[in-house]
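Values quoted throughout were computed directly from the atomic coordinates according to the rules given, and no laboratory measurement underlies them. None of the values given here were measured: they were computed from a predicted structure. Reconstructed Cβ throughout: ideal geometry from the backbone, glycine too, with neighbour counts over all protein chains shown.
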Amino acid sequence: MEKDFEQRLMDSFYVHIPLTADEQKTAEHRAANKTVVSSLDLWDGSSMESWSFDGDGECSVSAGGELVLKTWSRADRWPDTEVRADNAAAGAYATFGSYIAKLDVRKYDLSRGNRIRFELYCDCPGLHSPIVRVGFVNNGPVKIPDAYSREGFHAMNLKNHSWNTMYWEIGSIAHDKVEEISFNMHRYGKEPSAGGDDLNFKIKNIRFEKVEVPDVVHGWECQKGTAVFSTAGYSVRGSKTAVANTEEKQFSIIDSATGKAVFQGPVQQASGKHGDFSFLDFTELKSEGSYHIKLGTYESESFRVSETVFEHTAWKLVNFLFCERCGFPVPGKHGTCHIDVTARHDGVSMTYAGGWHDAADVSQQTVQTAEILHALLEAAQPVKHSNRLLYNRMMEEANWGLDFVLRTRFGDGYRATNSGIRRWTDNLIGNMDDCPAVVHNHSFENFICAGVEAYAAECFEESDPILAWQCANAAREDFAFAIERFRSVGLEEPVNHEHATGASISQYYAAACWSAAQVYAVFREDEYAQIIAEFAGKIAECQEKGTDGIPLKGFFYRDATKKSIVHFNHQARDQIFVQALEAACGALPDHPEKPQWESAMALHGKYLKDLMNYTEPYGMIPAGIHAMDEVDDKETFARVQRHVDYDREKENYREQLEKAVPLGNGYFLKTFPVWFSFRGNSAVHLSMGKAASILGVYFGDEELLDIAREQIYWAYGKNPSGQSLIYGDGSNYGQQYTALLGETVGEMPVGIQTRGNEDLPYWPPANIATYREVWTTPPGRWLWIAADLMGAKAGKPK
């Protein structure tokens with residue numbers, strides 16, 4: 001471990017005080033040092049003629065040429081309307097409103113520049129993480145904001161009680177006819193437990209600039225004359241490659257400590273489905289150390305090659321999860337929160353505070369917390385003896401989530417499952433800002449929670465046998481509730497804000513199989529063995545085995561009729577099928593149907609390998625095979641594409657498939673999912689990476705293990721933008737949409753998106769939901785992959 005990071009870990013008391021990032025390695029630091037070739041002042045600092053205002057607040061102009069703005073953190077009423085609110089007037093998924101300052105810029109031609117720049121001072125007493133959302137209106141052929149208010153906004157994280165110089169590159173967003181630039185002060189409520197009332201801001205020196213070299217945000221080609229690589233490092237094991245945009249013929253790997261070349265090789269060429277690319281292969285470098293790439297005059301930031309590279313990142317992801325704790329006072333972030341979010345059932349109520357916030361919006365999902373704690377438990381096991389500090393810290397954080405999963409049970413099959421909320425509340429139960437939690441008895445959530453509880457029982461048996469007993473007892477009960485409900489109801493009706501609402505019946509089979517295997521490991525009772533075998537067989541029945549006219553095989557359908565392929569576009573559980581089959585093989589090694597289960601696993605592994613041909617030389621797993629007749633499947637659309645109107649988007653669905661790679665017979669290979677409002681593919685490719693790591697370990701298949709590593713390397717920065725998607729890890733990491741939390745080491749976004757109906761990567765530097773919103777799902781999926789890569793011996797089932 002690097003000495004600097006080791007010191008920061010100690011200073012944080014091993015992540016009981018949030019870690020800090022090296023700001024010299026941020027994209028924002030890079031932006032501040034770019035060459036500006038032209039600049040246009042948009043406001044003279046004196047006249048109010050070009051300004052207009054919406055919402056509750058006060059404004060004036062100071063003698064120093066500053067626009068002075070004041071609003072308040074709370075209100076005694078809800079806004080009448082609000083973008084993204086379910087029902088703003090009733091406070092459902094609503095904030096306390098906004099105060100918006102709008103600058104009319106119609107007299108300027110902003111089509112020739114590419115960056116908005118301004119200076120902003122904020123004075124927000126009692127608030128750790130102030131934020132201002134900048135936006136603009138474009139009235140050209142492409143309208144900005146877009147239909148879902150996802151494009152044309154940038155929520156900037158600010159340092160309180162100081163001046164902030166802010167930059168926003170908009171070259172990739174339509175800006176041929178910009179009419180207005182706005183500054184939106186969100187009113188998210190007083191920070192618990194003693195936040196201030198006032199939000200004060202001053203804005204000056206608003207300019208529109210043109211920078212010489214804008215960031216690469218669109219397409220597959222990286223910045224000319226550079227290479228994109230895994231900025232946080234590479235494992236000693238497996239392949240090590242980088243993608244380049246260069247005319248050079250040779251490259252070197254330089255030891256950053258000595259300055260000497262330790263590896264030299266040719267720049268190789270690859271012709272892929274998305275064009276011709278140069279790439280660098282230094283797989284032969286197996287010595288641990290700190291290195292950088294030299295490619296002509298270009299020299300990269302340093303990266304590590306290490307056996308423990310994933311452990312280094314695990315600390316940072318634990319840091320993010322710690323800061324996302326709900327109902328806990330996180331130093332430097334927030335006080336105890338959301339005590340007044342309550343769940344009611346059968347005449348009683350419980351406080352639904354605990355676990356980890358879902359995302360920047362401080363919503364909560366029980367099954368989300370369950371899967372994250374399972375990932376923490378899995379990732380802790382490989383380092384139990386080699387890195388006791390990390391093991392203990394991951395077990396501690398997992399226990400925080402486990403407590404929430406256990407105590408949100410009502411004991412009769414019903415449990416508190418989610419709350420949709422994006423505000424700080426005052427923790428006083430009975431007034432206007434309270435938020436209800438959803439309660440239901442659904443089999444899918446109970447299957448997942450029962451399996452996690454059973455696994456936790458095994459993991460805590462040594463350190464806390466009483467807790468282990470409690471987990472085992474809850475697992476037995478919850479599994480019984482789940483199987484009874486599933487036998488009687490089957491597929492549940494969709495629930496608003498519920499992450500599992502789009503699950504297919506085949507995913508229910510997988511959840512039941514996996515859960516039964518976990519409970520069987522604890523109790524070894526035959527009834528669970530029978531259920532394992534029953535549902536393992538059902539999973540296999542939903543797999544494409546090889547039908548004439550279908551160009552790929554190994555993927556899974558939503559049910560045994562094989563009419564609709566399983567797809568994910570936001571929350572993703574692509575790993576659940578092989579996760580269940582692998583658990584079945586491990587639980588029942590002598591079962592006569594085990595060869596069929598293994599065959600299904602091997603076939604899915606072949607499918608993943610086939611997919612990789614479509615993103616070479618990048619390593620991101622594509623979203624997979626799609627069929628054109630999906631466009632006419634309105635029922636499945638309603639389950640998978642939440643909060644989207646089918647009739648409005650049907651032709652966009654068709655166009656997204658037409659822009660994918662045609663496979664013949666009405667089939668297409670999508671690199672990114674079909675999506676509309678909810679965009680960003682971190683959960684999608686990482687869950688597929690977990691499938692690859694499970695299969696790679698089980699079969700001792702190094703190619704699949706390499707595929708799994710590549711999903712981590714994509715997040716580390718081996719993507720066309722060259723940005724690490726893990727804030728504070730590696731280099732060239734940028735701000736993300738954090739809303740209430742503030743910039744946090746270890747945060748990960750919903751993920752790289754596409755523009756419109758294209759099938760090309762798109763990563764504009766604009767913090768907005770959903771694609772750039774921080775989310776606890778990606779760290780969980782990342783830890784799931786790392787658990788396999790850090791510990792399991794290839795060729796032996798876990």
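Under a model in which nothing but the beta-carbon of Lys, Arg (+1) and Asp, Glu (-1) is charged, the stretch 23-211 shows a dipole of about 580 debye around its Cα centre.
Find the relative contact order for the stretch 170-257 and round it to a whole percent, using C-alpha pairs within less than 8 Å whose residues are 6+ positions apart.
Numbers: 36 pairs, mean separation 18.2, N = 88.
Answer for the stretch 170-257 is 21 percent.
Can you tally the net charge around V745? Count Lys and Arg as +1, Asp and Glu as -1, for every other residue whose Cβ sits under 13 Å from the Cβ of V745. Write down the numbers at each step before the final one.
Values: positive: R8, K25, K316, K333; negative: D11, D22, E23, E324, D729, E743, E747.
Residues near V745 contribute -3 overall.
Using alpha-carbon positions, what is the distance between the centroids of the stretch 239-254 and the stretch 452-470, in Å? Value for the Cα centre distance between the two parts: 48 Å.
Packing, as the average of other Cβ atoms within 10 Å across residues, places the peptides 678-685, 157-164, 516-523 in the order 678-685, 516-523, 157-164, highest first. Here is the list for the stretch 515-592: GluC sites (Glu not before Pro) lying in DSSP coil, each with at most 14 other C-beta atoms within 10 angstrom of its C-beta, are E525. Rounded to the nearest 500, the helix-only mean residue ellipticity at 222 nm of the chain stands at -10000 deg cm²/dmol, with each DSSP H run of n ≥ 4 adding -39,500 (n - 2.57).
Backbone N atoms of the stretch 143-158 closer than 20 Å to the 7 Å Cα→Cβ label point of E119 belong to residues 156-158.
Over all distinct Cα pairs, what is the inverse of the mean 1/r for the stretch 713-787, reported as the Kirkwood hydrodynamic radius in Å? Can you show the working numbers first?
Values: mean 1/r = 0.0792 Å⁻¹.
By the Kirkwood definition, the hydrodynamic radius is 12.6 Å.
Counting neighbouring Cβ atoms within 10 Å and putting the fewest first, the residues E458, E288 line up as E288, E458.
Reducing the stretch 374-389 and the stretch 724-798 to their Cα centroids gives an inter-centroid distance of 21 Å.
What does the charge count near I707 come to, summing +1 for each Lys or Arg and -1 for each Asp or Glu among other residues with Cβ under 12 Å from its Cβ? Please list the in-between numbers first.
On the way: positive: K606, K609, K690, R709; negative: D610, E616, D701, E702, E703, D706, E710, D788.
That sum, taken over residues with Cβ under 12 Å, equals -4.
The relative contact order of the chain comes to 15 percent, based on Cα pairs under 8 Å that sit 6 or more residues apart. Could you tell me which helices of the chain pass both thresholds, a Cα extent of 20 Å or more along their own axis and a mean Kyte-Doolittle hydropathy of at least -0.5, with helices taken as whole DSSP H runs? Helices passing the filter in the chain: 309-323, 366-380, 388-407, 443-459, 465-489, 505-523, 526-541, 682-699, 702-716, 777-791. If the reach is capped at under 16 angstrom between alpha carbons, list the lysines near K634, excluding any in the same chain fewer than eight residues apart. Cα-Cα hits under 16 Å: K563, K650. Ranked for footprinting exposure by Cβ neighbours inside 10 Å, fewest first, H591, H357, H442 give H591, H442, H357.
Please arrange S46, S39 by counting, for each residue, the other beta carbons lying within 10 Å of its beta carbon, fewest first. Kindly include the intermediate steps, with their values, before the conclusion.
On the way: S46 10, S39 14.
Placing the least packed residue first, the sequence is S46, S39.
Note that the stretch 674-798, at 37 °C in a medium of 0.692 mPa s, gets a Stokes-Einstein diffusion coefficient of 219 µm²/s from its Kirkwood radius over C-alpha pairs.
Straight-line reach from K143: taking Cα to Cα under 19 Å and skipping same-chain neighbours fewer than 8 places apart, the lysines in range are K102, K107, K177. Within the shell defined by Cβ-Cβ distances under 12 Å, the residues around A375 carry a net charge of -2, with Lys and Arg each +1 and Asp and Glu each -1. Could you give the distance between the Cα centres of the stretch 403-443 and the stretch 614-646, to the whole Å? Spelled out, the Cα-based centre of one part sits 31 Å from the other. Max-minus-min Cα coordinates of the stretch 23-211 on each principal axis give 47, 38, 36 Å, with the largest extent listed first.
For an R0 of 25 angstrom, estimate the FRET efficiency from the Cβ-Cβ distance between S50 and R112 and round to the nearest 0.05.
On the way: r = 20 Å, r/R0 = 0.81.
With a Förster radius of 25 Å, E is 0.80.
Using θ = phi - 60° in the Karplus curve 6.51 cos²θ - 1.76 cosθ + 1.60, the 3J(HN,Hα) couplings for the stretch 39-54 round to 8, 10, 6, 9, 8, 7, x, 9, 7, 9, 4, 8, 9, 9, 9, 10 Hz; x is entered for Gly and Pro.
So if R0 is 56 Å, what FRET efficiency would E541 and S39 give, r being the distance between their Cβ atoms, rounded to the nearest 0.05? List each step's numbers first, then the result.
Values: r = 64 Å, r/R0 = 1.14.
FRET efficiency, E541 to S39: 0.30.
Find how much the distance from D647 to R524 grows on full extension, using 0.36 nm per residue of separation minus their present alpha carbon separation; answer in nm with one decimal. Provide the component values of the computation, followed by the final result.
Working: separation 123, 0.36 × 123 = 44.28 nm, distance 5.06 nm.
Full extension of this stretch gives 39.2 nm more.
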